[in-house]
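In what follows, a single structure is set out as structure tokens and then discussed.
Values quoted throughout were computed directly from the atomic coordinates according to the rules given, and no laboratory measurement underlies them. What you see is a predicted model, and the numbers here were worked out from it, not measured in a lab. Glycine gets a Cβ as well: all are built from the backbone with ideal geometry, and neighbour counts include every protein chain shown.
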Amino acid sequence: MSSNYLEIIRPGINTTFQDKGRDHLYHIGIPFSGAMDNRNYLIANKLVNNNLDSAVIEFAYQGPHIKYSGEKINCAITGDVIFSIKKKDTEIEGKCYESYQIENGDEINIISTNKSVYGYLALGGEFDLKFQWNSCSINTKANIGSNDGKKLDVGQRINLKKINSNKDIKKTNYINTKIENIRVIKGTNFDYFSEEGKQIFYENEFTVSKLSDRMGMRLEGPKIDNIVNTNIKSEGLIKGVIQVPADGNPIIMLSDHGTIGGYPKIGVVASVDYDRLVQMSPGSKIKFKEINLSDAETLFKLYEMETQNLLSQI
Amino acid sequence: MIKNISNLGDAALYCDFGNEVNKSINSEVIKYFQTIKEKKFEGINNLTPSYNKLIISYDLKKTNFKEVKNYVENINPEDSIDINSKKLEIPVCCHENFSMDIKRLEEILKLSREKILENFLNKEYFCYMTGFIAGMPFFGDLDENMRAQRLETPRVKVPKGSVALTEQFANIYTFESPGGWNILGNTPLDVFDSSKEDKPNLINPGDTVVFKEITLDQYKNYNE
């Protein structure tokens, strides 16, 4: 049995292992999963000298309280997160985007994410996890991935099978920017909606509902009127698709989304804005802005370059 | 044949094979799906065949709409590889504990509970596709007088095993999940098994199934 491990004192609300996710499985109904906020996932790994596709602990709202046993290891938290590190005689307030060295008996207490949803805890090493279809990402709906596909639970022990020899402490000044609008590309059923409905979609604010999770984000606001048909023949979905069911309230597909759906698609969130979209907590206001495909492609390229730049500076 | 290719967002191709739902169009979709899957085009990371559409998603870091579209337009789909279709019997319990939407169906279809069950059970249905949630099969076609629309607001939680209807289709919820279909009963059968990475789905596109009614007692004892 491994002598380096974590014990979960408090699991938090929705704490899972996530990595890059799994592909080539939509046709049997298995979504990508993986870290919701990809950029923060990558930064977390880089800060502790991990391979960028290593598994991290993802949490939402209230995070886990963890006790570490074993030899010295680095840890880092990314996102907008309030946490503390408790050592033998002291307790320090933690800062995101900095790595810390922890040792036997130290505790990490992740109190909450701040005006955001997801945060990431990376440890400098490798968790001992089960892989399914080349990923340890936990999909709690289908019970796929490590930990029997279930959220982390109180009292649980998580072993590490490797600790990085590189224990350099790292830091970056990244700030999670908020954006005013979520940019979208017109959906394949855009013309199903009335002129007024289309106008409402682009000009009004929607509120993120508390019925949002890793599968989807439900929005509340003025109803979007459908004038053609409130159902379509079920067909493939991708993350970011905005479906509008008969009740007129949009639902945005997120990383654990259903692979097939039968509600008309009014739009699709541009890839460039996905990481920031998933961080919008219940009660946040969303406004959509239309962009075309070529702009979306260019903006994503720039976003990706920025991510690579950030990583190279760590 | 593909009638039209457009973009679904900035990271997927939307291939439209038409609006009708029938075995012939569905076979065309499957043919393209299998051909592209075999060829492993760099950057394509998922394929979602459905009744009459094929969604091809790709990694925007590796390729883009123009490249994938050009690729798809120039492939010759090979004749569908034999998919070894099976015939299966699905036990279903329609006790009031499970048939959550029977009243709604009675009202919409203007048929009695007995008539609805008689129309649904002991008939052969064809599996067009799997998905939405892991392993969920979509069957068709229900009789004309059995077709109801989805719920106005989808349920946040549909119980695992639910057998549900919408329009000319039936499905099985392999997990508890959100969903908007009209729930008629529940099967104790495990339709998806993630421990079998090669073949996690019990039912695959091309298979034929027949729903057989079981009692509540038989349901409770099924997995013992």
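Some notes on this structure:
- Summed residue charge, Cβ within 13 Å of A:D168's Cβ, Lys/Arg positive, Asp/Glu negative: +4
- Spatial offset of segment A:292-314 relative to segment A:120-157 amounts to 29 Å, using the alpha carbon center of each.
- Taking amide H as placed 1.01 Å from N in the peptide plane, the amide H of A:R183 sits under 5 Å from that of A:A270, A:K289, each at least 5 places away or on another chain.
- Interchain or long-range residues, amide H under 5 Å from B:I90's placed H: B:V210, B:F211, B:K212
- Likely footprinting exposure, A:Y192, A:Y120, fewest C-beta neighbours within 10 Å first: A:Y192, A:Y120
- For segment B:87-221, the Kirkwood hydrodynamic radius from C-alpha pairs, put into Stokes-Einstein at 25 °C and a viscosity of 0.890 mPa s, yields a diffusion coefficient of 166 µm² per second.
- Order of A:W133, B:W181 under a 10 Å beta carbon neighbour criterion, fewest first: A:W133, B:W181
- Spatial separation of Cα centroids for segment B:42-59 and segment A:1-35, in angstrom: 24 Å
- The distance linking segment B:86-111 with segment A:99-118 is 49 Å (Cα centroid to Cα centroid, whole angstrom).
- Entries in A:K186/B:K196; B:K23/B:K220; A:K130/B:K66; B:K31/B:K196; A:K20/A:K223 that, when Cα-Cα distance is taken, lie over 32 Å: A:K186/B:K196; B:K23/B:K220; A:K130/B:K66; A:K20/A:K223
- Dividing the helix sum by the residues of chain A, where each DSSP H run of 4 or more adds -39500 (n - 2.57), gives a mean residue ellipticity at 222 nm of -4000 deg cm²/dmol.
- Residue-wise HN-Hα coupling along segment A:180-194, computed from phi with Karplus coefficients 6.51, -1.76, 1.60 (Hz; x: Gly, Pro): 6, 10, 9, 7, 10, 9, 3, x, 6, 10, 3, 6, 6, 9, 5
- Once the Cα gyration tensor of segment A:71-166 is diagonalised, semi-axes √(5λ) in Å: 24, 18, 13
- Residue-averaged beta-carbon neighbours from other chains (10 angstrom radius) around A:180-187: 2
- Within the protein assembly as shown, percent of DSSP bridges classed antiparallel, to nearest 5: 90 percent
- Under-5 Å amide H pairs with A:F127, H placed in peptide plane, nonlocal only: A:A55, A:K161
- Residue order, fewest to most surrounding Cβ atoms within 10 angstrom, among B:R150, A:R10: A:R10, B:R150
- Environment charge at B:Y173 (Cβ cut-off 14 Å; Lys +1, Arg +1, Asp -1, Glu -1): +2
- Cα pair distances in segment A:5-163, grouped into 5 Å bins until the bin that holds the longest one, percent each: 2, 10, 20, 24, 23, 13, 5, 2, 1, 0, 0
- Averaged over A:255-261, number of beta-carbon atoms from partner chains that fall within 10 Å: 6
- Within a Gaussian network of chain B (alpha carbon springs, distance under 10 Å), most fluctuating of B:L60, B:L88, B:L47: B:L60
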